[in-house]
Amino acid sequence: MRKTALIIGLVAGIAVALLAGLGTSSETASADAGPHVSTGSDATPDKCASCHRLHSGQNEFLLKQAGSVEDFCFACHGNGGPGSYLAVEEGTSYGDGAQGLRAGGFEEARIDTTDPNSARPAPTPIGYAVTIGVLATKQEVKSQHAVDGSAGTMWGYGVPGTSGAGISNELECTSCHDPHGNGNYRILRSVPTGSDAAGYTIPDTYPKAAANYTTSNYFNMNHDVDGNGVGDALPGALPLGATPAPGQSIFVDTSRWCSQCHTRYLAQRNTVVPTPVAGSVDPNASRMDSGDDIFTFRHTSAGWGLNSSAPSGVPGPNYGKATFNNRACITCHATHGSNASMPGKPAASPAPATHYSSRVPWPDGSTINPENDLERASLLKMNNRGMCKKCHSAQ
C-alpha cells in the first residue's frame, strides 16, 4: 500500500468526525464543509486539531490515530453514520430518516434490484417513467469498488488499441476523493490516483442539499435542481458543433470523470450523423467500431451525442445537434457498490438450472471472480442483468 495514500486517507477518517453536526435534514450538506477544508483565509484553522497531534502523533505525519484508509473513513462514514449522516459503508443517508445513497454502498445498499417498472409510455422521455426503487431494509452488496488498498484491475484503462484489458491498481477512498477538500463536486480529484489522465474537474455547482445525496429512483440519477423531490429533466440541444461544458449535465460529467480510469468504456452516441432514411434511423450510428481488439463495440455511455432521430423520415428540429441523454455510467452502475445479484435461474424452478451472467468471462478472458464481485454483478443495479430491460422493453 502506498504510504502517501494511506496517510491522506487517515486524515479523511478522523477529519470527517466534525460532520456530526450536519446530521439533520435542516442542514446543507457539502463535501467541502466541516473538516474537509482547512485552508484559505482562516487564520485559526481549528480543524487541523481534529486530525493532528503536534506532540503525540501516531505516525510521522503526526496523525492522532493510525489504521487502514477504509476503516479510517468508515470511522465517520460507517454503519449508522457515526460522524456524518452519509453512511457510505451501508449505502444509507441518515439526514432525514434512513434513505438510500445515490452511489449505493460498500458493504450494504438499498437498491430495489427487482423493481418491475420499466414502462415507457409516450411521450415520456426514456428514464423518467422507469423506476428502480429504494428498499426499506439494506442488503449485502454483491459487487463494489474495493477500497481496501488491495490490487485490482482497472478494466479498460488506456487508449483504444492498448494491449491487455486493463492495468493493476490499488484503490482506496482517497484515490477518488480529496479529504482536504478541493472545491470540486463531492471533493472528487481532478485526476484519480493511479490514472495518468489529463484530468477532468466537475464543478461544485450541482445542488448540495441533503436530498441530493439520496434518491427515490436509482434509474433517474439526474439532480433535483428545483427542489421538488424529483430529478429534473435533462438539458436540451446544444448549438451545432458544440460540446457540453462541465457543470451542464451530471451524466456527462460523471461519465467523463469515470472514463479517466475506464478509458475504453466511454462511447458517444452517433459519432457520425447518418443520412436519414425514410421511416428509420441508421442502425450503425450509435455503435461505431472503436478499433480496439477487446472493447470493440460499446454501449453508448457519454450522456450526450448527436441526434439522429428521424422516425418519420423527416429530421426534427434537433436532428444533427448535440443532445443530452441518460445513457451514462451512473444510470446502470452504482458507484460505490450494489446489492444486485446474478444467480441465474435456480434448479428449484423448471429444470435445468441456468447460469448466464455469473459465468460471463471478464474482459481479459478469465472466469475467476474477484472477492469484490463474486457473481460478476459489475456494480449493476438490477438482478440478472435486468438493467437491459429497463430501456429495451415497453412493459
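The values are calculated or read from the model by the stated rules, or taken from the named source; none is laboratory data. Bear in mind that the values here come from a model prediction, so they are computed numbers and not experimental data. Cβ: placed from backbone, ideal geometry, glycine included. Neighbour counts: every protein chain shown.
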The residue that is farthest from residue 172 (Cα to Cα), considering only those in segment 354-381 that are of a type outside the set (A, V, I, L, M) and in a strand (DSSP E or B), is 354
Residue count for segment 222-237, restricted to those that are under 17 Å from residue 204 (Cα atoms), among the acidic types (Asp, Glu) and surrounded by 11 or more Cβ atoms within 10 Å (Cβ to Cβ): 1
Residue by residue through segment 144-166, note down the ones that are buried (at least 17 other Cβ atoms within 10 Å of the Cβ), assigned to a strand (DSSP E or B) and among the hydrophobic types (A, V, I, L, M, F, W, C). 154, 155
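So that you can scan it fast, the table gives a plain yes or no per residue for (1) on the phi < 0 side of the Ramachandran plot; (2) among the hydroxyl-bearing types (Ser, Thr, Tyr); (3) modelled with pLDDT of 90 or more:
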{"residue": "201", "(1), (2), (3)": "yes, yes, yes"}
{"residue": "210", "(1), (2), (3)": "yes, no, no"}
{"residue": "213", "(1), (2), (3)": "yes, yes, no"}
{"residue": "218", "(1), (2), (3)": "yes, yes, yes"}
{"residue": "221", "(1), (2), (3)": "yes, no, yes"}
{"residue": "224", "(1), (2), (3)": "yes, no, no"}
{"residue": "230", "(1), (2), (3)": "yes, no, no"}
{"residue": "233", "(1), (2), (3)": "yes, no, no"}
{"residue": "237", "(1), (2), (3)": "yes, no, no"}
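Run down 231, 241 and say which single residue is part of a loop (DSSP other than H, G, I, E, B) and touching a strand residue (DSSP E or B) at 6+ places or on another chain (Cβ under 9 Å).
Working: 231 fails: touching a strand residue (DSSP E or B) at 6+ places or on another chain (Cβ under 9 Å).
The match here is 241.
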Of (1) surrounded by fewer than 19 Cβ atoms within 10 Å (Cβ to Cβ); (2) under 24 Å from residue 71 (Cα atoms), residue 181 fails just (1)
How about segment 187-228: which of its residues are under 26 Å from residue 132 (Cβ atoms), touching an Asp or Glu at 6+ places or on another chain (Cβ under 8 Å) and in a helix (DSSP H, G or I)? 210, 211, 212
So, of the residues in segment 338-374 that are of a type in the set (D, E, K, R) and within 21 Å of residue 294 (Cα to Cα), which turns out to be modelled with the lowest pLDDT? 359
State whether one or more residues within segment 83-93 are at pLDDT 90 or above, more than 18 Å from the chain's Cα centre (by Cα), more than 19 Å from residue 385 (Cα to Cα) and not in a loop (DSSP other than H, G, I, E, B). no
What residue, of 263, 254, 243, 205, is among the polar types (S, T, N, Q), within 20 Å of residue 301 (Cα to Cα) and surrounded by fewer than 18 Cβ atoms within 10 Å (Cβ to Cβ)? 243
